[in-house]
Amino acid sequence: MALFDKSSEEGVPVGAGTPELRMWVRLLACAKIGEKQLRRRFEDEFDTTLPRFDVLAALYRAPEGLRMSALSRDLLVSNGNVTVVVRHLQERGLIVSQINPLDARSAIVSLTLMGRKHFLELAEAHHRWISELFAEVPATQKEELARMLGDVRGALGGKR
């Protein structure tokens, strides 16, 4: 398939202006705007990062701990990226790493008590910030958008 519509004098890319492309661009724009604001607030108010929050959240949802590979898979990032974040959180005493009793080649990481308390503080702020971001959107629209995005995620092969 050609990248450009040969019949167009302006050389407009094939698919330009289609509902799929408009949807994709808007999803990315919304995600980038929200992520930028969250990153700034985590840094300003807690001297932490969004990836650190994401790791803490994943471990909070798995009280028994997670193998590093499962943590990487859950967060959709590389093992190397997770290792750097985990190392920092370990240095701060927020998580611990133990040898996997079923496979000595892998480690299981989990939250410490201090890590659980810190995550709960971050999660409360995160919830407040998200509420502020969407304050102008009517509740019915938020519910409908969440449902539709679940459908889109399922169509893309992700979990609903």
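Stretched out straight at 0.36 nm per residue, the stretch from residue 104 to residue 120 would grow longer than its current Cα-Cα span by 2.6 nm. Region 45-154: which GluC sites (Glu not before Pro) are DSSP loop and have at most 16 other beta-carbon atoms within 10 angstrom? Counting only loop positions with at most 16 other Cβ atoms within 10 Å, the GluC sites (Glu not before Pro) in region 45-154 are 64, 136. Considering only 108, 99, 130, the mean-square fluctuation computed in a Gaussian network model of the chain, springs between alpha carbons under 10 angstrom, is largest for 99.
Calculated mean residue ellipticity at 222 nm for the chain: -20500 deg cm²/dmol, from DSSP H runs with n ≥ 4 weighted as -39500 (n - 2.57), summed, divided by the residue count and rounded to 500.
Convex hull volume per residue, computed on the Cα atoms of the chain, equals 184 Å³.
When only alpha carbons are used to place a centre, region 14-56 and region 132-160 end up 15 Å from one another. Here is the size of region 77-160 from its Cα atoms: Rg then Dmax, 18.2, 51 Å. Considering only beta bridges that DSSP places wholly inside the chain, some 100 percent are antiparallel.
In the context of the full set of protein chains, residues of the chain present 72 Å² of accessible surface per residue (probe radius 1.4 Å, heavy atoms only). Computed over the chain with a Gaussian network model linking Cα atoms closer than 10 Å, the most mobile of 93, 115, 11 is 11. For the chain, modelled as a GNM whose springs connect Cα atoms under 10 angstrom apart, the maximal fluctuation among 55, 82, 25 occurs at 25. Here the accessible area is traced with a 1.4 Å probe on the protein chains. For region 8-106, carbon and sulfur cover 56 percent of it.
Using only the Cα atoms of region 18-71, build the gyration tensor, take square roots of its eigenvalues as a ≥ b ≥ c, and label the shape rounded, prolate or oblate: rounded if a/c is under 1.5, else prolate if a/b is larger than b/c, else oblate. Since a/c reaches 1.5 but b/c is at least a/b, the shape of region 18-71 is classed as oblate.
The values are calculated or read from the model by the stated rules, or taken from the named source; none is laboratory data. Small disclaimer: the values here were computed from a predicted structure and weren't measured. Because the Cβ atoms are built from the backbone with ideal geometry, glycine has one as well, and the counts that use them run over all protein chains shown. Note: areas computed on protein heavy atoms with side chains; ligands, DNA, RNA excluded. Shrake-Rupley method; radii C 1.70, N 1.55, O 1.52, S 1.80 Å.
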